[in-house]
Amino acid sequence: MSNFVSLEVSSIDETVTESDIEMEFAVYDQSGRLVTLPTHEQNGMTFTIDVTNLEHGIYLFQYTLNGATRAERIPHFTN
């Protein structure tokens, strides 16, 4: 199992190209506390987040892409 989570982002209302991406993100634990922002890399439209230091559990990955906010659940069960 990997200690990295990869998320492919897409636009909510429009087509997005690599040069258009303006993304901000935060990770929250199950109690709603903000988790230290993870190290990440971007490869095109895919962002890879290092979850090595996160405790086991379910996390909420909230991201804003070009002004539109979305959220994804991230299960994390390996260290």
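Laid out as a table, the results:
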{"quantity": "Condition broken by T52, with the remaining ones in (1) surrounded by 15 or more Cβ atoms within 10 Å (Cβ to Cβ); (2) among the hydroxyl-bearing types (S, T, Y); (3) at pLDDT 70 or above satisfied", "calculated": "(1)"}
{"quantity": "Lone qualifier among I58, I74 - being surrounded by 14 or more Cβ atoms within 10 Å (Cβ to Cβ) and at pLDDT 60 or above", "calculated": "I74"}
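The values are calculated or read from the model by the stated rules, or taken from the named source; none is laboratory data. Only a predicted model underlies this, so the values are computations on that prediction, with no experimental measurement involved. Glycine also receives a Cβ, built like all others from the backbone with ideal geometry; neighbour counts cover every protein chain displayed.
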